[in-house]
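The values are calculated or read from the model by the stated rules, or taken from the named source; none is laboratory data. Keep in mind the model is a prediction, meaning the values are calculated, not measured. Cβ placement follows ideal geometry from the backbone for every residue including glycine, while neighbour counts extend to all protein chains displayed.
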Amino acid sequence: MQEKRSHARVPLQVEVACELPDGSRIDGTSRDISLGGIYIEGENHPRFSTQLTVVLMLPGAREASRLPGIVRWGARDGFGVQFGLLGARETHLITELMRR
């Protein structure tokens, strides 16, 4: 199977909260991250194409980051989120993770 990702991913295990448009929240743990998205492990999964906000503490950050995204695929143990437009701070922190 050919890799379709345009961004390399790095392992990242931190607690994640996904805020959904209806005000509900899904908690999980990240497995990996890139500038393009994140994989979140957990028991509950939002539906495909659900827009959400991923809230997590990126390594090196002083406060939690709020990353806009959309659910692009699901698996038994979690789901993949494609990020929307990231701010300069979040882009820098994720880029630094990629360099490690």
Taking Val71 and the conditions (1) farther than 18 Å from Gln13 by Cβ; (2) over 13 Å from the mean Cα position of the chain (by Cα), which numbered condition does it fall short on, given that it satisfies the others? (2)
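Is it the case that Arg5 is loosely packed, with under 13 Cβ neighbours inside 10 Å, modelled with pLDDT under 95 and of a type in the set (D, E, K, R)? Write out each step before concluding.
Numbers: loosely packed, with under 13 Cβ neighbours inside 10 Å: yes; modelled with pLDDT under 95: yes; of a type in the set (D, E, K, R): yes.
It is true that Arg5 is loosely packed, with under 13 Cβ neighbours inside 10 Å, modelled with pLDDT under 95 and of a type in the set (D, E, K, R).
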Considering only segment 8-21, I want to know if a residue exists there that is out of contact with any strand residue (DSSP E or B) (no Cβ under 7 Å at 6 or more places or on another chain) and either surrounded by 13 or more Cβ atoms within 10 Å (Cβ to Cβ) or more than 24 Å from His92 (Cα to Cα) (or both). no
Enumeration of residues in segment 54-77 that are touching a Phe, Trp or Tyr at 6+ places or on another chain (Cβ under 7 Å), surrounded by 20 or more Cβ atoms within 10 Å (Cβ to Cβ) and of a type outside the set (Val, Ile, Thr): Leu67, Gly69
Name the strands (runs of 3 or more DSSP E) wholly within segment 1-71 that hold at least 1 residues that are without any contact (Cβ under 8 Å) to a residue 40 or more places away in the chain and over 14 Å from Gly84 (Cα atoms)? 15-19, 25-33, 37-41
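Could you please find all residues in segment 78-100 being surrounded by fewer than 16 Cβ atoms within 10 Å (Cβ to Cβ) and assigned to a helix (DSSP H, G or I)? It would help to see each step written out before you state the result.
Taking segment 78-100 as the starting set, the residues that turn out to be surrounded by fewer than 16 Cβ atoms within 10 Å (Cβ to Cβ) are 82, 84-85, 87-89, 91-92, 95-96, 98-100.
Correct list: Ala88, Arg89, Thr91, His92, Thr95, Glu96, Met98, Arg99.
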Using beta carbons and a limit of 7 Å, which pairs, at least six apart or on different chains, have the first residue in segment 76-100 and closer than 17 Å to Val16 by Cα and the second one basic (Lys, Arg) and crowded, with 17+ Cβ neighbours inside 10 Å? Gly78/Arg31
